[in-house]
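Asker: Supplied in structure tokens, the structure appears directly below.
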Amino acid sequence: MYHKSEDGIWMGFTLAFMLVPAVLIQLALTFIHRDLGRDRPLVLFLHLLLLGPVISDAVGVCLEALVMYFRAGKEEEPYVTISRRISLKKGQGTPMEWEIGQSERNLAAHRNAFKRAAVIQAFLGSTPQLTLQLYATIQEKYILHLRLALMIITLISITYGALVCNILAIQIRYDDYKVRLRPAAYICLIVWRGLEIATRVTALVLFSTALTHWVILVGMLNLLFFFFLPWAEFWARKGSLAENIEKNFSKLGTTVVLCMFTLLYACINIFCWSAVQLDLTHRELIERQQRWARLALYYSLRFLENFLLITLWYFFKSDFYEYVCAPLLVVQLLVCYSLAILFMLLFYQFFHPCRRLFKYNVHDCLHCVCFRKRVTSPGSRRANELILMKI
């Protein structure tokens, strides 16, 4: 359609935002499943056709899950390793052990690969597509039902990618503990992420309709800042590159992987909070400690940036918006972003596994267990104070 209407720029953007994340997904799945080191020509051919996820995720997970289900209890499978974790269910702080078998480890590899692919697709493919399609809709001054359906699908994809980032941050931070989120926590996360992403994309699109060329500068400044931020912290700490990120990787290969990782990190932070902080000196590449000062600074500056973009749009908007109540739209966008911040605070205050913003400021699950096991007998005030000082 863009080619027939001689819209070369939109056609180029559409192809780029489709092909770049698709190629990166194939590379991620190839490295995770080690397809290059195996005699699997069909799978490699599907990767070349950008159909790797069909066999690597959907078919692989379904077939392996069915085989594992029918074999359950019929034969003893040798375990690969033993996982020792602390369960917080009903206040139990006793360490428990799980034997992890080969099939379970393979399923975990498939799930991790699918999550990585979902995050790449969400923030390198869906977010630019949603921004572009919303911009095209406003410029053409009418809404196609098919385009509206695709925009809703891309918004769901982005929200799911943001949820994966939140769950990944919790799992990495509390890796030694068995933590489960309640359904209310997922609802709060969905509302928080949905409002945040929708408001951010709308602000960027409205600004681009009034000051088209300036939005490129805004996007590039955001991308470059978040891309070089982890590297600046790495150089400030005078650290060395993390080793054993992938087997048989040279320093050049490790640097390329880290650059791609920081690129994904930057693309996430352009549209929403990434929920994780990078540490290029650590093998896991992600810091376990949550920096609340950085979280507060991010949302404060992002709110000011969105307010500035919407204000500039309000003063430089085109005649098309004369039929729209512009002040009401500005207020609605600011209120929606404020609601997103409110649901974020509600999540960390009431639904996060072990974090309380305004009560205890607990640092990890072990501290939560200590709080639950505080002495409550008469005359135990001094013992409680000693426990709090130890924590």
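Asker: Being in a helix (DSSP H, G or I) and closer than 16 Å to Trp273 by Cβ is the requirement here; does Ala184 meet it?
Answerer: Spelling it out, it is not the case that Ala184 is in a helix (DSSP H, G or I) and closer than 16 Å to Trp273 by Cβ.
Asker: Taking region 274-314, which residues are farther than 22 Å from Ser208 by Cβ, among the hydrophobic types (A, V, I, L, M, F, W, C) and buried (at least 16 other Cβ atoms within 10 Å of the Cβ)?
Answerer: Ala275, Val276, Leu278, Leu280, Leu285, Ile286
Asker: Given the criteria within 26 Å of Ala117 (Cα to Cα), modelled with pLDDT under 90 and not in a helix (DSSP H, G or I), does Leu264 qualify?
Answerer: Answer is no for this residue.
Asker: Then there's this: What pairs come out if I take residues in region 7-21 that are in the same structural domain as Leu49 (by TED's automatic domain parsing) and more than 15 Å from Thr137 (Cα to Cα) and pair them with residues that are among the aromatic types (Phe, Trp, Tyr) and surrounded by 12 or more Cβ atoms within 10 Å (Cβ to Cβ) whose C-beta lies under 6 Å away, six or more apart or interchain?
Answerer: Cβ pairs passing all conditions: none.
Asker: Out of everything in region 282-319 that is outside any helix (DSSP H, G or I) and aliphatic (A, V, I, L, M), what residue ends up being modelled with the highest pLDDT?
Answerer: Filtering region 282-319 for residues that are outside any helix (DSSP H, G or I) and aliphatic (A, V, I, L, M), the one modelled with the highest pLDDT comes out as Ile286.
Asker: I'd like to verify a number: residues in region 117-147 that are under 16 Å from the mean Cα position of the chain (by Cα) and either exposed (fewer than 13 other Cβ atoms within 10 Å of the Cβ) or at pLDDT below 80 (or both), how many?
Answerer: 1
The values are calculated or read from the model by the stated rules, or taken from the named source; none is laboratory data. Because the structure is predicted, anything quoted here is derived from the model rather than measured. No Cβ is skipped: glycine too gets one built from the backbone with ideal geometry, and neighbour counts run over all protein chains shown.
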